[in-house]
Amino acid sequence: HGTIFNYFRNDVFDANNWFNNARRLPKPATRQNDFGAVLGGPILLPRFGEGGKSFYSGRNRSFFFFSYEGLRLRQPQAASTDVPTLASRQNARAELRPFLSVFPLPNGPNRLNPATGLPNGFAQFNASFSVPSTLNATSIRIDHLVSNKLTLFARYNHAPSEIVSRGTFGSLSVIAPTRAKTQTLTIGAISPLTPNLSNDFRFNWSRNTGTSSFEFDGFGGASIPDDSLLLPPFASNQNAQ
């Protein structure tokens, strides 16, 4: 009639990435939790009013099946990239400084002496982080035996998901949340016409939607720029997304 399940993984049981150890970076979070449940059986519904049975019993006639699965995932990542040195930020024109500050602060070799960075004015930035993602999938199905000549069913599925990636546009201080949602509805009728021939009718409705945006979050000591630097006066964050 039913089952519950759960798969669990945690960074407590995992070693740190070799590159993180070499750069003396902390171990990023690792999470994987896949859980859910299924339940099925005859439909039992109360009846209101006087006379007759107090409830409807779908035994041998009406059945339901429900399922849910949830996934919570945190995938560890290690990254090394070039960012403007402190000297490059300080010596840049005032109009450019806010844009250079969008990049994380250098923390690699020679970070205390930014003048000895790469010849092109960049220095190394090392980081460890996790990429979060979420998924929920819910389904329900109803089967009903009208007679020996006709069986009806209906099934609905709803599955929203989200993943937040990091490092868009070449800067680790920019995250890109992507959200998607899938919905499907299927109804059908099965009717045997002869012992060797049956009619199976099905109708399906499906819908997929998705949104994506870009955001600054100040990762690694980066400064979040003012909206007026990136958007015209009449625009808003919502329009930018």
Check on THR182, of a type in the set (Ser, Thr, Tyr) and modelled with pLDDT of 95 or more: yes
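Being charged (D, E, K, R) and loosely packed, with under 15 Cβ neighbours inside 10 Å is the filter here; which residues of the range 144-155 pass it?
LYS149
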Single unsatisfied condition, ASP11 versus (1) closer than 23 Å to THR134 by Cα; (2) open to solvent by 50 Å² or more (accessible area, probe 1.4 Å): (2)
All strands (runs of 3 or more DSSP E) inside the range 1-118 with 1 or more residues being over 21 Å from ILE163 (Cβ atoms), at pLDDT below 85 and of a type in the set (Phe, Trp, Tyr): 55-57
Condition broken by ALA29, with the remaining ones in (1) open to solvent by less than 90 Å² (accessible area, probe 1.4 Å); (2) closer than 30 Å to ARG155 by Cβ satisfied: (2)
Options PHE216, PHE153: the member that is more than 26 Å from SER67 (Cα to Cα) and either in contact (Cβ under 8 Å) with a residue 24 or more places away in the chain or of a type in the set (Lys, Arg) (or both): PHE216
Residue list for the range 195-212, restricted to those being open to solvent by 70 Å² or more (accessible area, probe 1.4 Å) and part of a strand (DSSP E or B): LEU197, SER198, ASN199, ASP200, PHE201, ARG202, PHE203, ASN204, TRP205, ARG207, ASN208, THR211
Failed criterion for PHE55 (all others in (1) touching a Ser or Thr at 6+ places or on another chain (Cβ under 7 Å); (2) free of Cβ contacts under 8 Å to residues at least 24 places away in the same chain hold): (1)
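Name the residues in the range 192-213 that are in contact (Cβ under 8 Å) with a residue 12 or more places away in the chain and among the hydrophobic types (A, V, I, L, M, F, W, C), would you?
PHE201, PHE203, TRP205 - these are the residues of the range 192-213 that are in contact (Cβ under 8 Å) with a residue 12 or more places away in the chain and among the hydrophobic types (A, V, I, L, M, F, W, C).
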Filter pass, PRO192 being modelled with pLDDT under 95, over 30 Å from PHE125 (Cα atoms) and surrounded by 14 or more Cβ atoms within 10 Å (Cβ to Cβ): yes
Residue among ASN16, ASN10, ASN6 that alone is in contact with a Leu (Cβ under 9 Å, 6 or more places away or on another chain) and among the polar types (S, T, N, Q): ASN16
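Go through the range 156-174 and give me each residue that's part of a helix (DSSP H, G or I) and open to solvent by less than 40 Å² (accessible area, probe 1.4 Å).
Of everything in the range 156-174, just one residue is part of a helix (DSSP H, G or I) and open to solvent by less than 40 Å² (accessible area, probe 1.4 Å), namely THR168.
The values are calculated or read from the model by the stated rules, or taken from the named source; none is laboratory data. Every value quoted in this text rests on a predicted model; they were computed, and no experiment measured them. Methodologically, a virtual Cβ is constructed for each residue, glycine included, from the backbone with ideal geometry; neighbour enumeration extends over all protein chains shown. Accessible surface areas use protein heavy atoms only, side chains included; no ligands, DNA or RNA. Shrake-Rupley method; radii C 1.70, N 1.55, O 1.52, S 1.80 Å.
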